[in-house]
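Asker: Could you have a look at this structure, given as structure tokens, before my questions?
The values are calculated or read from the model by the stated rules, or taken from the named source; none is laboratory data. Please read all numbers here as calculations on a predicted model, not as lab measurements. Cβ sites come from the backbone with ideal geometry, for glycine too, and all protein chains shown count toward neighbours. Only protein heavy atoms, including side chains, enter the accessible area calculation; ligands, DNA and RNA are left aside. Shrake-Rupley method; radii C 1.70, N 1.55, O 1.52, S 1.80 Å.
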Amino acid sequence: MDARAQVDITGENGERVRVEHRVEDVRDGLVRFSETHSSPDWAEDVVERATLRFTTAEQVDALLAQSGFEVVGRHGSWDRAPLTATSREIITVARPAPGVSDHGGAVAVAFGTRVGVRDSKNPRGDAPGFPTSS
């Protein structure tokens, strides 16, 4: 599989930068892709790889419940529009469920393709069982 998308932008220092996304593999509900930043002004390209897992709102709810959280809000985009069948993202706001340990005041946010708990122990919001950037 070789699906690509690219765009040219201006970098922080005024340099021309090409940003290219390349889907490397789609299998078992996971999409593996790379993001390459290149510029004729740089000695080498910067390449990052990531894996996404697309989920349903019900799957997000189940993972949050298993982790001791309850859903307190759900949106279909960051502007807080309602979640519909055509929404491109699943924005879920959750808090520790009553009677569950404090979780350090953490708030869980699920967005589009992965869910994470952001707190002092996990500032990026990576979630167990979900793929993270490699």
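Asker: Exactly one condition in (1) under 28 Å from residue 20 (Cβ atoms); (2) open to solvent by less than 60 Å² (accessible area, probe 1.4 Å); (3) modelled with pLDDT under 85 is not met by residue 103; state its number.
Answerer: Only one criterion in (1) under 28 Å from residue 20 (Cβ atoms); (2) open to solvent by less than 60 Å² (accessible area, probe 1.4 Å); (3) modelled with pLDDT under 85 is unmet by residue 103, namely (1).
Asker: All but one of (1) open to solvent by less than 60 Å² (accessible area, probe 1.4 Å); (2) modelled with pLDDT of 85 or more hold for residue 58; which doesn't?
Answerer: (1)
Asker: Another question, then. If you check every pair at least six apart or on different chains, which have Cβ atoms under 8 Å apart with a residue in segment 47-60 that is under 10 Å from residue 32 (Cβ atoms) first and a residue that is open to solvent by 90 Å² or more (accessible area, probe 1.4 Å) second?
Answerer: 49/134; 50/134; 51/134
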